[in-house]
1. Among the GluC sites (Glu not before Pro) in region 7-95, which ones are in a DSSP loop with at most 10 other Cβ atoms within 10 Å of the Cβ? Mind listing them?
2. For D151, what accessible surface area do you get with a 1.4 Å probe? Give it in Å², rounded to 10.
3. Compute, for H112, the solvent-accessible surface of its heavy atoms (probe 1.4 Å) with the complete set of protein chains present, and express it in square angstrom to the nearest 10.
4. Taking only protein heavy atoms into account and a 1.4 Å probe, give the accessible area per residue of the chain in Å².
5. Between A144, A155, A59, which gets the highest mean-square fluctuation from a Gaussian network model of the chain, Cα cutoff 10 Å?
6. Using only alpha-carbon positions, what ratio does the radius of gyration of the chain give when scaled by 2.2 N^0.38 Å?
7. Could you tell me the extents of region 8-56's C-alpha atoms along the three principal axes, largest first, rounded to whole Å?
8. With an 8 Å cut-off on Cα pairs and a minimum separation of 6 or more residues, tell me the relative contact order of the chain in percent.
Amino acid sequence: MASDRPRRLILLRHAKSDWPDVPDQERPLAKRGRRDAPVVGRWLRRHGYLPDTVICSVARRTRQTWNRVAPELGGSPSVTFEPRAYEASALTLLYLVRELPGTCRAALLIGHNPAIEELAAHLAEAPDAASAPPSPGLRFPTAAVAVLEFDGDWADLAPGHARLLAFATPADM
């Protein structure tokens, strides 16, 4: 049964990563990424966008992003380091979100492009445009965050059913 309070989905692309000679999944944050991630956490807290649940890709750069965002939030959400979020499509990320428990009111998903950008664009687009490509206006540089809100249950979230409440990059914060 859907609640009368809207749910919030916060989509965060990992902060800027470095490119050392390591497997992609092991790439660490770059100096700029280590600086930007706490800025994102402070912005989320200042605007009241606090998750009860976090789904984070297992890649090193997403885990490091979370580890620098988390202390700035001031809460203690449940965190799942999810292998399916690494190299995921937008559809896979949507399936992960649909698995969230009904008790969760706000979730933070930390992942990678192009999937994070595509998911945000598809969720916030007009329902009749669900089969069209994502809007070219929504771009996700590293550490960009989109806050979406929708009515209903996580399991029912579909393209075009969310409202974009906020979008910011570290340069905007």
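1. Those that pass, being in a loop and sparsely packed, number zero.
2. Solvent-accessible area, nearest 10 Å²: 100 Å².
3. Approximately 20 Å² of H112 is accessible to the 1.4 Å probe.
4. 47 Å²
5. Between A144, A155, A59, it is A155 that shows the largest mean-square fluctuation.
6. In units of the 2.2 N^0.38 Å rule of thumb, it is 0.96.
7. For region 8-56, the Cα spread along each principal axis is 39, 21, 11 Å.
8. 32 percent
The values are calculated or read from the model by the stated rules, or taken from the named source; none is laboratory data. The structure displayed is predicted, hence computed values, not measured ones. No Cβ is skipped: glycine too gets one built from the backbone with ideal geometry, and neighbour counts run over all protein chains shown. SASA here: full protein model, heavy atoms, side chains in, ligands and nucleic acids out. Shrake-Rupley method; radii C 1.70, N 1.55, O 1.52, S 1.80 Å.
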